[in-house]
Amino acid sequence: MIPTEFETTRSINDKYSRNIYEMTQGWDSDDYRFGVYEFEDTINPDTGNSYGYDITTSFDKEYNKFVDEGKYFIGCPFNIYESTYLERLENFINDNVKDLFNESHFVKTELMDTLEYNVDSILGKDIREQLNKSISRRKEFLIQRLESLGFLYKVRKNEYGKIISVGKKGIQKVIEQESALDLSDTSLNEKIIYLRLLGIYDYLSSKQPFNMSKNALATVISAITSEKATSIQSAINPIDNPSTSQKNNPLENEKKVLEIKLKLIELGFKL
């Protein structure tokens, strides 16, 4: 399967597919079984190269371009999938009826696409391995999200083998989720991220004297979090201050920020 975003590769592949269709008209099953032709070695008249070479070269080029730009496509490296997850979730909900669609619908749609994805054998070995690794990690992540939302992972297919559902409401899960989540072991940096995402940090930062003094802000946050004011000040000094080293900025930890965003969504908080 070639991602829809890979327009050049899809164009070459479409022409390749038409060529195969024209070549195989009238073939019987034995012709296919014994492989009368090596299809990928068929020459592309536009370039003089084999279709296999052109498709693989184009795919590699577009793959690297999208990865360098950090853009999503099915089969993208997992770090890109993870970093674009929330934006794509929001777009999914906005593109549908908000009151009827939520994260569980998005996750199930993503899981079905993931399970139905097949890596084209015409691609090179290295890129096939990378795609399979990415798809496997994406599947694990989505199953975890599905279960955290109160569903049991269960694949159902119709009589033709088409996947029609991947999640079943789990009664036990729902009961468990009615109990409050225990986040008492949250670290200092995680607490800062929670305060920022919940709007508490920005609210305090807009008020006197906290808008003029990070020291005062750190002091009041220490009262809320039971953390040392000196440690808090070290963590919040870089926030909204690009001229300061961002080494200690909790918000720079994209993976941790995403993890906390997902926990807030799970609690029903709208970011």
Out of Thr84, Thr114, I need the residue that is assigned to a helix (DSSP H, G or I), surrounded by 14 or more Cβ atoms within 10 Å (Cβ to Cβ) and without any contact (Cβ under 8 Å) to a residue 24 or more places away in the chain. Which one? Thr84
Could you check region 149-160 and list, in sequence order, the residues that are open to solvent by less than 100 Å² (accessible area, probe 1.4 Å) and part of a strand (DSSP E or B)? Phe151, Leu152, Tyr153, Val155
Being at positive phi, in contact with a Leu (Cβ under 7 Å, 6 or more places away or on another chain) and either surrounded by 13 or more Cβ atoms within 10 Å (Cβ to Cβ) or at pLDDT below 90 (or both): is that true of Gly26 here? no
From the option list Ile163, Ile74, single residue qualifying as more than 14 Å from the chain's Cα centre (by Cα), open to solvent by less than 30 Å² (accessible area, probe 1.4 Å) and farther than 22 Å from Leu264 by Cβ is Ile163
Only residues that are surrounded by fewer than 18 Cβ atoms within 10 Å (Cβ to Cβ) and either closer than 23 Å to Lys261 by Cα or among the β-branched types (Val, Ile, Thr) (or both): list them for region 207-224, please. Thr219, Val220, Ser222, Ile224
Out of the residues in region 62-72 meeting the condition of being touching a residue at least 40 places away in the same chain (Cβ under 8 Å) and assigned to a helix (DSSP H, G or I), tell me which one is farthest from Lys15 (Cα to Cα). Phe66
Looking at Lys270, is it open to solvent by 90 Å² or more (accessible area, probe 1.4 Å) and out of contact with any Ser or Thr (no Cβ under 9 Å at 6 or more places or on another chain)? yes
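The values are calculated or read from the model by the stated rules, or taken from the named source; none is laboratory data. What you are looking at is a predicted structure, and each value in this text was computed from that prediction instead of being measured. Don't worry about glycine lacking a Cβ; one is built from the backbone with ideal geometry, like all the others, and counts go over all protein chains shown. Please note that ligands, DNA and RNA were not included when accessible areas were found on the heavy atoms of the full protein model with its side chains. Shrake-Rupley method; radii C 1.70, N 1.55, O 1.52, S 1.80 Å.
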